[in-house]
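**Q** A single structure is presented below for examination.
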Amino acid sequence: MRILLLILLLALAPLAAAKTAALPAPEVLHLDAPGVSASPLRVRVYRPPAMPADARLPVLYVHDGQDMEAVELTATLRRLYDEGAIRPLLVVAIDMPPDRMAAYGFSDRAAQRSLPATTAHGAVGARAHAYAEWVARTLVPAIDARYPTRAAPDGRATLGWSLGAVAAFNLGWQYPELFGRVGGFSPSFWLAEDRSTPQSAQRTRIAHRRVDAGPARFGLKLFFAVGDAEEHDDRDGDGSNDALDDVRELALGWDDAGTPRKGLRQLGYPVNPDHAARATRADVALYVLPGGEHRQASWARMLPVFLRWAYALRAPGIDATGTVEGWQDLPSRFVAMRNVDVWLPPSYGRDPKRRYPVLYMHDGQNLFDPVLSYTGIDWDVDGAMTRLVAAGRVREAIVVGIWNTPLRFHEYMPRKPLGARTLPPLSDLPALGAADLRSDAYLRFLVEELKPFIDRTYRTRPGRKDTFVMGSSMGGLISLYALAEYPRVFGGAGAVSTHWPVGDGLMIDWLGTHLPAPGSHRLYFDHGTATLDAQYAPYQRRMDALLRELGWREGRDFRTRVFEGAEHNERAWRDRLHEPLEFLLGTR
């Protein structure tokens, strides 16, 4: 119940007292920074006006901390808190080092060296590696030790402007295990190794070369803002000023004298090229400020846009049939923060006394909007539910889509069935033992945090008979694990294209001694016969035989369907989605 209260405070009414309580004065620290500054650097820590005692705060590390008054940090935070627009956060403002040009720049962490850029005013970034290491190895641990922080990448962001934006990007790119978000206003991405000619300056831009070399830092999200009146230089003669070009090309890719170079999009990052027109869920956002110049007054106008992007309570809307409410970065004590989408049935807004069953589904970004889906094809859960409800084939129900994270396999692979065994290496994963898996923690998030939040926020029917869980592939395994581990919480599970072969079917044997007694729960299984699904038939037959032996009645307690020619992908699951929905939520 304690964590339920915390989540409600964070997500529903994060700062009810903020309209009457002033922000506390920042705490001033002075930290030694050898290799960066001969004297200690001033660091100011801005706290939110009120927080529950056991809260863990996300932290925003801001470079050029001496500019906080000029960019109106306190006033902006107060306004956004008053509006209930952002969740509480800790802001750590780091004054610029005495030699700002030397400290702010690019570095190569693996080689333990700085990557200086040549300019007409001398080298930029000669001490960038020392500065990055000081932030990562000294400042971050000091803040985590002193304050109640969320000490994980999803709880840390770094922000800067001009050269400070380069420092922020460098930290995010070089230390993705520490920082999960980067903000850069008017970033100096023009910095290059060779500026002897416009062509060499274009070709040797350090940020662009680093991104082109890859690999992607999956889980890292980036926000870039630039004014359309920052400068008039046009290095490549394309009619767009260099400040805009440098940011857009870093995100979208660029041409190097006829050779295509990769930007963030080519590395696999979804990019929103016009955040000003519409906020989206893309991992990279580009915001162009009309009339924005390379000055503090413009950065003050960019700041609230960034804070809403990074710390909003509600996620940007999606294209879906009916009503979908998105919750951005729902916090958890057990797992990484993640987005959660909640689809509401057609009568939800018309009948304020009615309560609804709830279906929890994994891989939430693949459910409602093809733009968000991994393959560009979604399950169309919103459309399927709307049609099935209208036809009277399923009960009206709330559908909760839980987004996955880069640790998808670790969270979806059931831990207890593995025991003392080790899973062999997969294509993109090393060998894993039970200690490496996060599925028990994921289920605690689902049962102890998310479900209570949903039940308190929406008009649900919270009992076991009205609570279901479903997923595909590894999501099928974790759904079965959820029902077996929490049979008093979940009354049914849908396992679509269940990935039984992992561990050579060890999950089946474990279920044989951990499923609840027949007659009280429902299980749905299916698989295709093509691509990865071609491996599943022998395992599914074992599972079916086991259920019959345990007394589960086929057609009533469980159902298994085989779809000839169906592949292992979202298109196939979308095409047969009505089958599990009707079995779990059917009106008959």
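**Q** I'd like the Kirkwood hydrodynamic radius of region 122-182, using the inverse of the mean 1/r over distinct C-alpha pairs, in Å.
**A** 12.0
**Q** If the cut-off is a Cα-Cα distance under 30 Å, which lysines reach Lys262, setting aside same-chain residues fewer than 8 apart in sequence?
**A** Excluding near neighbours in sequence, the set is Lys221.
**Q** Here's a follow-up. Throw me the Rg/Rh for region 366-484, computed over C-alpha atoms with Kirkwood Rh, two decimals.
**A** Rg divided by Rh gives 1.01.
**Q** Oh, and also: Residue separation times 0.36 nm, minus the C-alpha to C-alpha distance between Asp351 and Leu429: what's the value?
**A** Extra length available between Asp351 and Leu429 comes to 23.3 nm.
**Q** Let me ask something else. What lysines sit close enough to Lys451 to cross-link, taking a C-alpha to C-alpha distance under 25 Å and skipping anything fewer than 8 places away on the same chain?
**A** The reachable lysines, counting only those whose Cα sits under 25 Å from Lys451, are Lys353, Lys416, Lys465.
**Q** Using a simple spin-label model with points 7 Å from Cα along the Cα→Cβ vector, what separation in nm is obtained for Thr375 and Ala216?
**A** Label at Thr375, label at Ala216, 1.7 nm between them.
**Q** Between Asp32 and Ala70, take the C-beta separation as r, use R0 = 35 Å, and let me know the FRET efficiency to the nearest 0.05.
**A** Efficiency for this residue pair is about 0.85.
**Q** Which entry is the computed P(r) over Cα pairs in 20 Å bins from 0, in percent for this structure: (1) 16, 30, 21, 17, 12, 4, 0; (2) 15, 39, 35, 10, 1; (3) 20, 48, 28, 4, 0?
**A** From the options (1) 16, 30, 21, 17, 12, 4, 0; (2) 15, 39, 35, 10, 1; (3) 20, 48, 28, 4, 0, the structure gives (3).
**Q** Note down the nm distance, to one decimal, between modelled labels 7 Å out along Cα→Cβ at Glu549 and at Arg113.
**A** 6.3
**Q** If Lys and Arg each add +1 and Asp and Glu each add -1, what is the summed charge of the other residues whose beta carbon sits under 9 Å from the beta carbon of His129?
**A** Net charge around His129: +1.
**Q** Sticking with this structure for a sec: For region 150-226 and region 400-466, compute the distance between their C-alpha centroids and round to whole Å.
**A** Between the Cα centres of region 150-226 and region 400-466 lies a distance of 32 Å.
**Q** Further, regarding this structure: If I model a spin label at Ala142 and Thr323 as a point 7 Å from the Cα along the Cα→Cβ vector, what separation in nanometres do I get?
**A** Result: 4.9 nm between the two label points.
**Q** Tell me, what is the FRET efficiency for Arg209 and Arg488 to the nearest 0.05, using R0 = 60 angstrom and their Cβ-Cβ distance as r?
**A** Taking R0 as 60 Å, the efficiency between Arg209 and Arg488 is 0.60.
**Q** Another question, if that's okay. Express in nm, to one decimal, how much length is gained between Ser520 and Asp274 on full extension, taking 0.36 nm for each residue of separation and deducting their alpha carbon distance.
**A** So the extension gain works out to 83.5 nm.
**Q** Right, another one. With +1 assigned to the C-beta of every Lys and Arg and -1 to the C-beta of every Asp and Glu, and no other charges, what is the dipole magnitude of region 83-151 about the Cα centre in debye, to the nearest 20?
**A** Using Cβ point charges on Lys, Arg, Asp and Glu, region 83-151 gives about 160 debye.
**Q** Something else: With +1 on the Cβ of every Lys and Arg and -1 on the Cβ of every Asp and Glu, and nothing else charged, how large is the dipole of the chain about its Cα centre, in debye rounded to the nearest 20?
**A** 2300
**Q** Between Glu293 and Arg561, 0.36 nm times their residue separation minus their Cα-Cα distance comes to what?
**A** That works out to 90.4 nm of additional length.
**Q** Tell me which of Val211, His232, Ala201 sits at the most positive position along the dipole axis of region 196-242, charges placed on C-beta atoms (Lys, Arg +1; Asp, Glu -1).
**A** Val211
**Q** Starting from the Cα of Ala229, step 7 Å toward the Cβ, then list every residue of region 68-93 with an amide N under 20 Å from that point.
**A** In region 68-93, the label zone of Ala229 (backbone N under 20 Å from the point 7 Å along Cα→Cβ) covers 71-72.
**Q** Sticking with this structure for a sec: Which shape class applies to region 309-391: rounded if a/c is under 1.5, otherwise prolate when a/b exceeds b/c and oblate if not, where a ≥ b ≥ c are the square roots of the Cα gyration tensor eigenvalues?
**A** Oblate.
**Q** Could you report region 46-125's accessible area per residue, 1.4 Å probe, as an integer in Å²?
**A** About 37 Å² of surface per residue is accessible.
**Q** What does the charge dipole of region 459-582 about its Cα centre add up to, to the nearest 20 debye, if the Cβ of each Lys and Arg holds +1 and the Cβ of each Asp and Glu holds -1?
**A** Dipole magnitude for region 459-582 comes out near 600 debye.
**Q** So, by mean Cβ neighbours within 10 angstrom, what's the order for 416-427, 475-486 with the highest one leading?
**A** 475-486, 416-427
**Q** Right, next: Which three extents, in whole angstrom, do the alpha-carbon atoms of region 527-588 cover along their principal axes, largest first?
**A** Extents along the principal axes: 32, 30, 13 Å.
**Q** What is the Cα radius of gyration of region 83-188 over 2.2 N^0.38 Å, N being its residue count?
**A** My calculation over the Cα atoms of region 83-188 gives 1.09.
The values are calculated or read from the model by the stated rules, or taken from the named source; none is laboratory data. These figures come from a predicted structure and were not determined experimentally. When we count neighbours, we look across all protein chains shown, and the Cβ atoms used for this are built from the backbone with ideal geometry, even at glycine. Ligands, DNA and RNA are stripped out before the accessible areas are found, and what is left, the full protein with its side chains, is counted by its heavy atoms. Shrake-Rupley method; radii C 1.70, N 1.55, O 1.52, S 1.80 Å.
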